[in-house]
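Novice: Below are the structure tokens for one structure; questions will follow.
The values are calculated or read from the model by the stated rules, or taken from the named source; none is laboratory data. It should be emphasised that the depicted structure is a prediction, and the values quoted were computed from it without experimental measurement. Ideal geometry is used to build each Cβ from the backbone, glycine not excepted, and the neighbour counts take in all protein chains shown. Heads up: the accessible areas ignore ligands, DNA and RNA and are worked out on the full protein's heavy atoms, side chains in. Shrake-Rupley method; radii C 1.70, N 1.55, O 1.52, S 1.80 Å.
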Amino acid sequence: MESQGKPDQGEGPARDYWRKLMDAYTPVFPGGGSVMEEAWRKVHADGEAKGEMRGEAKGEAKAVLRVLRARGVEVSESVRERVMACADLDVLETWLDRSLSVASAEELFVGEQGARGQEEGRPGVTGRPSSS
């Protein structure tokens, strides 16, 4: 097709060559399923899940302290640090349940020192930060 006396530039050997190149070209856009993309997604999904768990633990720890404060139970700095350092959701849920009825903040930890954590070989069960 000619336009205003100019030859059509859409056909010819260069266009044929370009079409062959494009037939062989496989774009690597997001959603293409490349190995690199899948590895990137896995790393970020794992990191996101860990971040969600840390956030959930932090929220649970804050709830324990809030219940104690609302009930007028005095919370020492060492108890506050121990509760906020705990990342075990099961332990935090136990402490939250206990926070509804304890007379002192230290009662949150009754029966957990040495008994549960070391015997079961599960670090972090007592809510203390690990030393490693």
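Novice: Is at least one residue of segment 61-84 under 20 Å from Glu112 (Cα atoms), of a type in the set (A, V, I, L, M) and open to solvent by 50 Å² or more (accessible area, probe 1.4 Å)?
Specialist: Yes, that holds for at least one residue.
Novice: What is the number of the single condition among (1) in a helix (DSSP H, G or I); (2) surrounded by 15 or more Cβ atoms within 10 Å (Cβ to Cβ); (3) within 18 Å of the chain's Cα centre (by Cα) that Ala87 does not meet?
Specialist: Unmet for Ala87, out of (1) in a helix (DSSP H, G or I); (2) surrounded by 15 or more Cβ atoms within 10 Å (Cβ to Cβ); (3) within 18 Å of the chain's Cα centre (by Cα): (1).
Novice: Here is a follow-up. Are any residues in segment 39-70 in contact (Cβ under 8 Å) with a residue 24 or more places away in the chain and within 18 Å of the chain's Cα centre (by Cα), and if so, which ones?
Specialist: Met53, Arg54, Glu56, Ala57, Lys58, Glu60, Ala61
Novice: (1) part of a helix (DSSP H, G or I); (2) in contact (Cβ under 8 Å) with a residue 24 or more places away in the chain; (3) more than 26 Å from the chain's Cα centre (by Cα): which one isn't true of Val73, the others all being true?
Specialist: (1)
Novice: Being farther than 25 Å from Glu52 by Cβ and of a type in the set (Ser, Thr, Tyr) narrows it down to one residue among Ser76, Ser99; which is it?
Specialist: Residue meeting the stated conditions: Ser76.
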